Each structure stands twice: as structure tokens, then as C-alpha cells.
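In what follows, a structure is listed as C-alpha cells, so that the remarks can point back to it.
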Amino acid sequence: ARSGVRVYRAEDDRNTPRRLAMLADLRTAVERGLIEVAYQPKVDPASGRVLGAEVLSRWFRADGPVAPDEFIPLAERSGLIRPLTRHVLETALAACAGWRRDGHELTVAVNLSPQMLADQALAGEVRDALRRHGLPAAALTLEITETGIMADPSGSAVTLAALRAIGVKLSIDDFGTGHSSLGRLADLAIDEVKIDKSFVRDVLAHPGRRAVTEAALHLGRALDLLVVAEGVETREELDYLRAAGCGAVQGYYLSRPLPPADFTAWLVTQAAL
Ligand code: C2E
Ligand code: CA
Ligand code: CA
Ligand code: CA
């Protein structure tokens, strides 16, 4: 579905009453600023230093939490992803400015749905928001999935170039799960790749996963990109990634995504180490 044209899909009509109720609640939650966030640290495995955090949306609906894998696609299909993303971006930049006032020189990473790359106003709003919070552009990383960019490479190009011109960092999320060639990725002028957690899990026991991980690390060295491994759950995975020269790790082994106050408390314990 390019440039906002909706394509009919049978699954759109499945569970209609439940979907419609959820959509109505999601609209209310977005309008009232009730979407919350969690922060998951990105850590340099060589030094143990905390580099920054990824912000992940959280929705606590009256009858329990709804997974982002459920409400983000709903927001993407209903026009709510723009106000949701603006809210998350604003929240994340305010938090990042606060960490820095407390002496933690961290970056913050926000996920961008592919639709956002068709939003001509995005780059200007990002620049204004950074300025308002007194943050350098390099404090913000925008994570975009490989499939999201490749769905409409020319449509994405203008916004990506505008974001790059501001100086924000661009990250390719879920690296290895799309169909893009390494050559096309190399043309994108990105700053970071995130190896998808499906390759990181039990990487040592699976030669294929190990090959993808090492290809990403090789690409990172050749193109001077930060390579981040997500979904690090064990000591063994961490030790392997450190030895392989991975620039940053993220995953339950280091920390789960944390509510804002818990993340701040976690930072203080890390700084004391
Ligand atoms: P993602 O961007 O690939 O984020 C990583 C997901 O892996 C998060 O799931 C995170 O909680 C989870 N994770 C982190 N460490 C581990 C680990 O060690 N093991 C395992 N098994 N999982 C781990 P979450 O929070 O459920 O988010 C799912 C997806 O929803 C995200 O995947 C992202 O694509 C999307 N999402 C979340 N928040 C936003 C948002 O604000 N905007 C957009 N556009 N998408 C979002
Ligand atoms: Ca991400
Ligand atoms: Ca990811
Ligand atoms: Ca993902």
C-alpha cells in the first residue's frame, strides 16, 4: 500500500467487533496521551558502558496490557500511528534531556513505522522537538525496519535524506529478516544496523544464525556502522558477541524494557559499578 492507498485484506475483517472496540479504545488512549513507554538499555559489551535506550510503546488497556505487535499494526492501519509516534518521540526526548541533566550522556532510539517516512512534516518536527529539549541531533536514533524502507525505497528517500541532514542517526531494525540486498542497504547512508533477535538467539548452536550475525558485523566494519545485537538473553550470547566485536547489545540478559522510573533507578546502579 503505497502513499496511503489502502489495500483490502481479508484479515482486516476478521474479529470485527473485537477489533472495532479495540480501535475505539486505542483512539481514546492516543488522544488522551495514555500510551506509556518502556526503555530498554543498549550497552557496549566491551566496556559495559550504557550507550542509550530504545523506547518501546506500552498500552495498558482497562482489561490488561495489549502487546505492541497487536496495537502498532492497528495504529498503522487507522491513521493513529502519526499522533502515537509524535507522543512517543516527545516523551522520549524529554526523558533523554532529563538523563543528560543527571549526568548520563545517553542517546534515545525511537521506532518509526514505514508510513511515517511518507510524512513530509516529520523531519521539521523532529528538528523543532530536538531544539525545544536542548538536545543535539545525534542524541536521537530512529529505527526503521528493513522491510519498511524496501517497501517504498524512493518514497522513503526524501524523508530519510531530510532526517540525515538534521543529523539524527538512522538505524535499520530487524536486519536479516527482509529481502534487501546488502548493496542496497549500503546505499542508504545509515548509521546503525540491528541484528534481529531471531539470529541472536542460540547463535552459537546455529551456523546459519552465526553466518548472518558475522555478515552484519563485517558489513558494519566495512561501512563504519554501529552494529547492535537485540534479544541477548544469555551470558553465552553476550560473550560471543563481545568477542566478535559487536558494538552494542540489547536484551533481557542486560535488562528488560523498564518503566521510566525503573530505568532511571537502573542507570544509577550501573553508574555505581
Ligand atoms: P522491535 O523494535 O524489534 O523491538 C524489540 C522487541 O523485542 C521489543 O518487543 C522488546 O521488548 C523485545 N525484546 C527485547 N529484549 C528481548 C530479549 O532478550 N528477548 C526477547 N524474546 N525479546 C526481547 P515489544 O516491546 O513487544 O515490541 C514489539 C515491536 O513493536 C517492536 O519490535 C516494534 O517493531 C514495535 N513497536 C514498539 N513500540 C513502537 C513504537 O513506538 N512505534 C513503532 N512504530 N513500533 C513500535
Ligand atoms: Ca526497534
Ligand atoms: Ca528489532
Ligand atoms: Ca521486530
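The values are calculated or read from the model by the stated rules, or taken from the named source; none is laboratory data. Note that the coordinates shown come from a computational prediction; the quantities given were computed from them, not determined experimentally. Neighbour counts are summed over all protein chains in view; Cβ atoms, including those assigned to glycine, are modelled from backbone coordinates with ideal geometry. Note: areas computed on protein heavy atoms with side chains; ligands, DNA, RNA excluded. Shrake-Rupley method; radii C 1.70, N 1.55, O 1.52, S 1.80 Å.
Figures for the structure shown
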| item | result |
| --- | --- |
| Solvent-accessible area per residue, Å², over the chain with all protein chains present [probe radius 1.4 Å] | 49 Å² |
| Sequence-distant lysines (8 or more away, or on other chains) whose Cα lies within less than 20 Å of Lys169 | Lys42, Lys194 |
| Radius of gyration, Dmax [the stretch 216-259; alpha carbons; angstrom] | 11.2, 36 |
| Cubic angstrom per residue, convex hull over Cα atoms of the stretch 114-190 | 79 Å³ |
| Helix-only [θ]222 nm of the chain, DSSP H runs n ≥ 4, -39500 (n - 2.57) each, per residue, nearest 500 | -14000 deg cm²/dmol |
| Cut-off of 10 Å, at most 15 other beta carbons, DSSP loop: longest stretch of the chain lacking such GluC sites (Glu not before Pro) | 106-232 |
| Carbon and sulfur %, accessible surface of the chain computed with the full protein complex present, 1.4 Å | 54 percent |
| Ratio Rg/Rh, restricted to the chain and using Cα atoms, in which Rh is the Kirkwood radius | 0.95 |
| Dipole of the chain [Lys/Arg +1, Asp/Glu -1 at C-beta], most positive-end residue of Gly220, Ala67, Gly208 | Ala67 |
| The stretch 43-180: antiparallel DSSP beta bridges as a percent of all, rounded to 5 | 25 percent |
| Longest exposed-site-free window of the chain, the sites being chymotrypsin sites (Phe, Trp or Tyr not before Pro) in a DSSP loop that have at most 13 other C-beta atoms within 10 Å | 9-251 |
| Rounded, prolate or oblate (a/c below 1.5 giving rounded, otherwise prolate when a/b exceeds b/c) for the stretch 1-160 by Cα gyration tensor | prolate |
| Under the span-like rule (Cα at least 18 Å along the axis, Kyte-Doolittle mean at least 1.0), DSSP H helices of the chain | 153-166 |
| Cα gyration tensor shape for the stretch 124-273, rounded if a/c is under 1.5, else prolate or oblate | oblate |
| Residue of Gly155, Gly64, Gly247 that the Gaussian network model of the chain assigns the largest fluctuation, springs spanning Cα pairs under 10 Å | Gly64 |
| Bridge type composition, the chain - antiparallel percent by DSSP, nearest 5 | 35 percent |
| Only Lys, Arg (+1) and Asp, Glu (-1) charged, at Cβ; the stretch 13-61 dipole about Cα centre in debye | 180 debye |
| Asp173, Asp191, reordered so the largest accessible area comes first (probe 1.4 Å) | Asp191, Asp173 |
